[in-house]
Every structure is written in structure tokens, then in C-alpha cells.
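Student: Below is the structure I would like to discuss, written out as C-alpha cells.
The values are calculated or read from the model by the stated rules, or taken from the named source; none is laboratory data. In this text, all values refer to a predicted model and were calculated from it rather than measured experimentally. Cβ placement follows ideal geometry from the backbone for every residue including glycine, while neighbour counts extend to all protein chains displayed. To get the accessible areas, we keep the full protein, side chains included, count just its heavy atoms, and leave off ligands, DNA and RNA. Shrake-Rupley method; radii C 1.70, N 1.55, O 1.52, S 1.80 Å.
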Amino acid sequence: MEMPPDKLVAQLAANPPASLYLIAGPEALLVIEAADAVRKAARQAGSTERVIFEVTTADTNKAKDTNSVWSEIEAALNAPSLFSPCRLIEIRLPTGRPGTEGGKFLERIAKQPPRGDIVMVLADEWSKRHEGNWTRAFEANGVVSVAWAKKPGDLPAWLGQRLRSRGLQLDPDAIRVIADRVDGNLLAAAQEVDKLCLLLGTTGTTLNAEQIRALVADLARFDVFRLLEAAWNGQGAQTLRMLEGLRQEGEVIPALMGMVIIELKITAALSAAAGSGSLDRAFSERRVWPAKQAMYRRALERHGYRRWQRFLVEAGKVDRASKGREVGDAWVHLQRLLVAIAAPGGIGLLRSEIAAA
């Protein structure tokens with residue numbers, strides 16, 4: 001069956017776990033909470049053993065042989081547990097694409113679920129194009145829960161429900177204040193709800209917008225890390241707003257450019273590795289964890305290696321302009337650089353034409 005993450009969490013709180021789960025989607029918070037609910041239910045069902053498999057892009061391109069991760073998973077499923085009558089087998093598939101052999105293997109597992117064990121597949125990326133025989137088999141024999149990205153108009157209702165579940169009441173205007181300030185980021189929204197719970201406890205009263213403005217930090221004042229995440233994820237409008245927030249706070253360009261140049265160097269190196277088919281190894285060598293890999297993959301899809309090299313050249317010019325060694329307004333040049341990174345159509349905004357990838 002298919003079930004949204006919030007319904008899955010509620011269902012697991014009252015019922016024993018199923019034997020198969022596929023939890024996927026771009027809303028990281030909802031995926032994390034749904035997966036945690038499965039883990040908790042597995043422990044309550046007597047599972048004391050958790051086995052984790054990480055599936056890389058290289059694994060999805062391999063045939064099923066003794067060196068593939070699919071053979072390792074199959075061996076684990078066929079081997080009896082020495083420590084627990086029920087095991088939780090986690091298969092982490094960041095891209096949501098298991099490849100031809102992996103898809104056949106997962107379909108077979110779904111049609112013949114392991115007795116006693118619980119299999120949970122987790123994916124960061126998901127869309128209708130990911131659907132196939134193996135996902136339909138999971139839906140027919142287990143639970144599929146997709147955390148679709150929240151639309152801006154959905155966030156107030158989600159916030160209101162989350163606040164009520166923690167014993168807090170806010171009027172609609174107060175909820176909109178939080179929704180506006182977290183800028184669609186569910187992780188940030190959840191943190192704000194948790195902070196309000198710590199500050200207020202269960203008050204029994206309804207808070208208004210003015211009270212919330214006095215309590216909630218203005219998350220529109222973004223730091224450089226979230227600024228770069230927005231640019232690398234292709235969120236041009238959000239990037240511009242974040243950059244303007246930093247400028248208004250009195251941030252100085254030289255303090256920003258160190259991180260910008262570091263990220264550009266990392267991405268240029270990853271782009272070179274992608275061209276030679278060794279992107280997963282490059283992620284491992286640079287300790288880019290799965291949670292952040294999707295951001296780099298999106299950026300690499302927009303621009304090739306030559307363009308990332310040129311972005312580095314432009315970043316150097318921005319840095320020199322901020323120190324008076326290059327003509328022009330450094331803030332304007334940085335704005336154009338980040339828009340060019342965020343959207344292919346922004347290339348022409350740069351002072352000098354960027355070569356096509």
C-alpha cells in the first residue's frame with residue numbers, strides 16, 4: 001500500500017511493522033522521521049540487530065555477481081541471525097535507482113519477503129520516473145511512503161499540525177510568520193517548533209503573530225552555508241534573497257569568498273571525476289556524505305567541468321574586487337556569479353562570457 005509519511009508514523013505507533021518498506025523523497029525531515037518510526041517499531045517487535053547496506057552508483061551499474069552489493073544483501077537475508085529473531089535490513093539507495101539487476105533483485109525480495117526480518121529501502125531522490133516493477137511490487141506487498149516536497153501553500157497547515165501535536169496553539173497569522181521566516185525549509189521549521197516548546201512548554205493559550213515575532217529568530221538571515229546550498233541546488237531566487245540578507249546584516253565579501261572558493265574547488269574536482277566515471281569514489285575521498293551528495297549531483301547536471309573552472313576564475317575576480325584590486329561592485333559581481341551557478345540561464349549575467357560546457 002502507499003501511505004504518506006505522517007500516516008505511516010501514526011500507523012506504526014499503534015500497529016506492528018510490516019515486512020517491507022520503501023521510504024523516499026526530497027523532504028529529508030519526513031524521510032528521517034518515517035525511517036525512525038520503522039526502526040522504533042522494529043525494536044518493539046523484538047529486533048535487536050540492524051544491518052545497513054549503502055548502494056552506490058557503481059553498484060547499480062554492476063551485474064549481479066559475487067562482488068556486487070546485491071549479492072551481499074542476498075547473503076545477509078539467507079543467513080540466519082545469531083543475535084536476534086528479527087532483523088532490520090536497511091538498504092540505502094540515495095538516487096532511488098537500483099539499476100537493472102538491482103531492480104530485479106528488489107522485485108524478487110518484494111514478491112517473496114524474508115520471514116521474520118524487516119527490509120527498509122531508503123532513497124533521497126524520487127519522482128514518478130523512479131516507478132517500476134520493483135516499486136510496484138513493494139507497494140503490493142509492503143508499504144511505500146514518499147515524502148514529496150511541500151508546496152509553499154502547504155507549509156502553514158503542516159506547521160499548525162506539528163505545533164498542535166506538541167501542545168501549542170498559534171493563530172493563523174502567527175503560523176504564517178514562522179512559515180515566512182523558515183522559507184520552506186522543513187528542518188528549520190521543525191527546529192523552530194522544538195525551540196518554542198522549550199521556551200513555552202504547554203501554555204494552554206493561543207499565541208498571536210506579535211508574540212511569535214518576539215520569540216522566533218528571523219531565519220531569513222541566512223548564513224553562508226545555506227546560501228551556497230541554495231545556489232548549488234539551483235534555487236536562484238532564494239539565493240538572491242539570502243545574499244541580500246547577509247549584506248544587510250553587515251557581512252563582508254572577503255568573509256564569504258573563502259567558503260565560495262572552497263565549494264567551487266570541490267565541485268570542479270567532482271566534475272572532473274564524473275567525467276571519468278569515478279564520482280562515487282571522489283565523494284568518498286572528499287568525505288561528502290550521502291545527505292549532501294544530491295546537492296552536488298544537481299549542480300553537476302547543470303554545468304560541466306570547463307564551466308566550473310571558469311566559475312573559479314570569476315570567484316577570484318570577485319574576491320579581488322572586494323579588496324579594491326579589481327574594478328566594480330563586489331556584491332553585484334557575487335550576485336551574478338551565484339545566479340550563474342544556480343541557473344544555466346544566468347550565465348550571461350557574468351562580466352565575461354562563460355564557455356559552454
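Student: Can you confirm whether region 293-308 contains a residue that is open to solvent by 10 Å² or more (accessible area, probe 1.4 Å), modelled with pLDDT under 85, of a type in the set (D, E, K, R) and over 17 Å from Gln335 (Cβ atoms)?
Tutor: No, region 293-308 has no match at all.
Student: Test Leu279 against the stated conditions and say whether it is over 21 Å from Leu338 (Cβ atoms), buried (at least 19 other Cβ atoms within 10 Å of the Cβ) and not acidic (Asp, Glu).
Tutor: Taking the combined requirement at face value, the residue satisfies it.
Student: Okay, next question. Keeping to region 23-43, report how many residues are touching a residue at least 24 places away in the same chain (Cβ under 8 Å) and either farther than 21 Å from Leu187 by Cα or of a type in the set (Ser, Thr, Tyr) (or both). Even if it seems obvious, please write down each step before you answer.
Tutor: Residues of region 23-43 touching a residue at least 24 places away in the same chain (Cβ under 8 Å): 23-31, 33-35, 37-42.
Those left that are additionally either farther than 21 Å from Leu187 by Cα or of a type in the set (Ser, Thr, Tyr) (or both): 41-42.
Qualifying residue count for the region: 2.
Student: Consider only pairs whose beta carbons are under 7 Å apart and that are at least six residues apart or on different chains; among these, list those whose first residue lies in region 132-144 and is over 12 Å from Ile109 (Cβ atoms) and whose second residue is of a type in the set (Phe, Trp, Tyr).
Tutor: Val143/Tyr21; Val144/Phe138
Student: Considering only residues that are under 18 Å from the mean Cα position of the chain (by Cα) and at pLDDT 90 or above, look in region 1-23 and name the one that is surrounded by the most Cβ atoms within 10 Å (Cβ to Cβ).
Tutor: Leu22
Student: I've got another one for you. Count, please, the residues in region 314-335 that happen to be among the aromatic types (Phe, Trp, Tyr) and either outside any helix (DSSP H, G or I) or exposed (fewer than 13 other Cβ atoms within 10 Å of the Cβ) (or both).
Tutor: If we filter region 314-335 for residues that are among the aromatic types (Phe, Trp, Tyr), which is where we start, we get 331.
Keeping just the survivors that are either outside any helix (DSSP H, G or I) or exposed (fewer than 13 other Cβ atoms within 10 Å of the Cβ) (or both) gives none.
Result for region 314-335: 0.
Okay, residues lined up against (1) outside any loop (DSSP other than H, G, I, E, B); (2) over 12 Å from Trp232 (Cα atoms); (3) within 18 Å of the chain's Cα centre (by Cα):
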residue	(1), (2), (3)
Leu270	yes, yes, no
Asp280	yes, yes, yes
Phe283	yes, yes, yes
Ala291	yes, yes, yes
Tyr296	yes, no, yes
Glu301	yes, no, yes
Arg307	yes, yes, no
Leu312	yes, yes, no
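Student: Are any of the residues in region 125-135 hydroxyl-bearing (Ser, Thr, Tyr), closer than 30 Å to Val182 by Cβ, at pLDDT 85 or above and open to solvent by less than 60 Å² (accessible area, probe 1.4 Å)?
Tutor: Step one: of region 125-135, the residues hydroxyl-bearing (Ser, Thr, Tyr) are 127, 135.
Going one step further and asking which of them are closer than 30 Å to Val182 by Cβ, we end up with 127.
Pick out the ones that are also at pLDDT 85 or above and you get none.
Scanning region 125-135, I find no residue that is hydroxyl-bearing (Ser, Thr, Tyr), closer than 30 Å to Val182 by Cβ, at pLDDT 85 or above and open to solvent by less than 60 Å² (accessible area, probe 1.4 Å), so the answer is no.
Student: Further question on the same structure: Take the residues of region 75-119 that are on the phi > 0 side of the Ramachandran plot and open to solvent by 10 Å² or more (accessible area, probe 1.4 Å): which is modelled with the highest pLDDT? Step through it out loud before you land on a result.
Tutor: Residues of region 75-119 on the phi > 0 side of the Ramachandran plot: 96, 99, 116.
The next check asks that each one be open to solvent by 10 Å² or more (accessible area, probe 1.4 Å); those that pass are 99, 116.
On the way: Gly99: 82, Gly116: 78.
My answer is Gly99.
Student: Something else: For region 113-172, which positions are under 15 Å from Ala18 (Cβ atoms) and acidic (Asp, Glu)?
Tutor: Matches in region 113-172: Asp117, Glu139.
Student: Right, next: Looking at (1) farther than 27 Å from Val288 by Cα; (2) in a helix (DSSP H, G or I); (3) at pLDDT below 80, which is the only condition Glu244 fails?
Tutor: The single condition Glu244 does not satisfy is (3).
Student: Please indicate, with yes or no, whether at least one residue in region 53-74 is modelled with pLDDT of 85 or more and either under 27 Å from Leu30 (Cα atoms) or outside any helix (DSSP H, G or I) (or both).
Tutor: Yes, region 53-74 contains a residue that is modelled with pLDDT of 85 or more and either under 27 Å from Leu30 (Cα atoms) or outside any helix (DSSP H, G or I) (or both).
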